[in-house]
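Down below is the structure, laid out as structure tokens.
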Amino acid sequence: MAATAKSEQTRRLLIDSALALFRSQGYANTTMRCIAETAGVSVGNAYYYFRSKDELVAELYRFLQDEHRSRSLPLLRDGHNLGEHLRAVLLANLDVMGPYHDFGAHFLHTAMPPSSASPRGSRNGAADTGVGRAKSIALFRQAVTVSRPQPPLAIRDDLPELLWLVHMGVTLFWIYDRSPGQRRSRRLVENVAPLAAKLVILSRLPVVRNIVEDVVHLFQGARRDD
């Protein structure tokens, strides 16, 4: 047990040291040797825990995903509408990711590769990415489940994953948002959340339902090709 605690402490120390160096001298200028020296461990020991700084960033991203889930779940209240829930989840993500905006692009590059590839240097590869994606989709599933009114049955099962795609689109926008405090990303959330909720409700109407069902069918076809 003591060995496990010490191992986890060393991992956390390496991640914290890497973050400090990324902020002070930039991602590109930070080497694994610098990270090891800052953490006060040998270079060999650093490579034992993380094979590359990309893997460190991937580990951080997984940590932030868990933090995002922890912050969001208390905000999902039975009876609130889907727009309120979507807004809360998307803004919570921006709050959690905010301090790491300078190297946000590396999150997508190293922690979210195509399903057929593994993050460079990662021990667990695409399996870890799949778990993180599943956790994130589960959060949106909970948001849908407790929302009132409930979405139409025809799109209910696929809606959490579609909302996750909206979430990823907002994250991508945030990565390249250079406005102070990424306020344009927050404004995007304020507009996108109610719009997405309205489209879900309007999908009960025949003309809108046909369009939405076409989108769902396209999405399902693309997913089967993975």
Checklist entry - Which whole-Hz couplings ³J(HN,Hα) result when phi for each residue of segment 47-53 is put into the Karplus expression 6.51 cos²θ - 1.76 cosθ + 1.60, θ = phi - 60°, listed in order with x for Gly and Pro? => result 5, 5, 8, 9, 6, 6, 6
Checklist entry - How large is ³J(HN,Hα) for each residue in segment 97-103, as worked out from phi by the Karplus curve 6.51 cos²θ - 1.76 cosθ + 1.60 (θ = phi - 60°), to whole Hz, x for Gly and Pro? => result 7, x, x, 10, 4, 4, 10
Checklist entry - How big is the equivalent ellipsoid of segment 134-186 along its three axes, where each semi-axis is √(5λ) from the Cα gyration tensor, reported in whole Å from largest to smallest? => result 27, 11, 9
Item to check | Nearby lysines by direct alpha-carbon distance to Lys198 (threshold 27 angstrom, same-chain neighbours under 8 apart not counted) | outcome: Lys135
Checklist entry - Residues of segment 129-200: accessible area per residue at 1.4 Å, in Å²? => result 50
Checklist entry - Can you pull the three principal axis extents for the Cα set of segment 1-104, in Å, largest first? => result 53, 36, 17
Checklist entry - Across segment 178-184, in residue order, what do the Karplus-derived ³J(HN,Hα) couplings come to in whole Hz, using 6.51 cos²θ - 1.76 cosθ + 1.60 with θ = phi - 60° and x for Gly and Pro? => result 9, 6, x, x, 6, 5, 5
Checklist entry - Of all the accessible heavy-atom surface of segment 5-44, with the other protein chains kept in place and a 1.4 Å probe, what percent is carbon and sulfur? => result 53
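The values are calculated or read from the model by the stated rules, or taken from the named source; none is laboratory data. Note that this is a predicted model, so its numbers are computed, not measured. In case anyone asks, the SASA skips ligands and DNA or RNA and just uses the protein heavy atoms, side chains included. Shrake-Rupley method; radii C 1.70, N 1.55, O 1.52, S 1.80 Å.
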